[in-house]
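Here's the structure we're looking at; comments come further down.
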Amino acid sequence: MATESAPPDYQQELVARPETLAIMRRIVSAHLDLWELRELSDAATLCAHELLTNVMRHTGSPRCTITLRRRPDGVRVTVSDSDTAPPERRDPVWEEESGRGVLLIAALAARCGTVMRRDGKDVWADILTTPPAYAAGTAGCRAPIGVTRTPPAGRWGRPRAVCSPPRPRTPSPGCAHPCEG
């Protein structure tokens, strides 16, 4: 008796709207469960949500395609749209309620980027089963909420504190976070 393997990809064309985002979060989570990658569900679901929200808020058309691609080391979440402008990393002040999506994706994904096409772009994020090297050894880090670790080259710019007002940065012993003095 042959066993049936889980499909390697999921692709869905959709119109990005608030009610669609809720459905897509459940679909992303269900596929990660199917692929036995439940530990990646929160990060992948949040990345998918942020990518779809960017389509809804920052492109001329809410029509897009989401693709989940199972990989040996995790999952790649890609959202394709017809807008030819790349995503912009903003540096919002801490009181602002929006503008952190690209920073969140960069913090959650081991790798992320944009592939520009003649008719639009593909924005992708790789969520891996093992943490990226720059995040290793950060257990117990007491750096401010929202400060991200230094990402590898090729990201959408240098990370900064994104969620909290300035406060003293005192790392715990053994913290690998690049805290500034």
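The values are calculated or read from the model by the stated rules, or taken from the named source; none is laboratory data. None of these values were measured; they are calculated from a predicted model. FYI the Cβ positions are ideal-geometry reconstructions off the backbone, even for glycines, and counts take in every protein chain you see.
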Inset, instruction - Say whether the condition of being of a type outside the set (S, T, N, Q), crowded, with 18+ Cβ neighbours inside 10 Å, more than 16 Å from the chain's Cα centre (by Cα) and not in a helix (DSSP H, G or I) is met by at least one residue in the stretch 98-114. - result: no
Inset, instruction - Could you tell me which numbered condition Leu68 fails, if it satisfies all but one of (1) surrounded by fewer than 14 Cβ atoms within 10 Å (Cβ to Cβ); (2) closer than 17 Å to Leu128 by Cα? - result: (1)
Inset, instruction - Check Val55, Val28 and return the single one that is under 16 Å from Ile105 (Cα atoms), touching a Cys at 6+ places or on another chain (Cβ under 6 Å) and not in a strand (DSSP E or B). - result: Val55
Legend entry - The one condition in (1) of a type outside the set (Ser, Thr, Tyr); (2) farther than 30 Å from Trp35 by Cα; (3) at pLDDT 65 or above that Cys112 fails to fulfil: (2)
Inset, instruction - Just give me the residues in the stretch 8-22 being among the charged types (D, E, K, R) and in a helix (DSSP H, G or I), in sequence order. - result: Glu19
Legend entry - Filter result for Thr138 (of a type in the set (Ser, Thr, Tyr), in a loop (DSSP other than H, G, I, E, B), modelled with pLDDT of 65 or more and within 24 Å of Glu39 (Cβ to Cβ)): no
Inset, instruction - Kindly indicate whether any position in the stretch 39-50 is under 17 Å from Val123 (Cα atoms), of a type in the set (D, E, K, R) and not in a helix (DSSP H, G or I). - result: no
Legend entry - Considering residues of the stretch 8-35 that are of a type in the set (D, E, K, R) and touching a residue at least 12 places away in the same chain (Cβ under 8 Å) only, the residue farthest from Asp126 (Cα to Cα): Arg17
Inset, instruction - For Ser80, indicate whether it is at pLDDT below 95 and closer than 15 Å to Asn54 by Cβ. - result: no
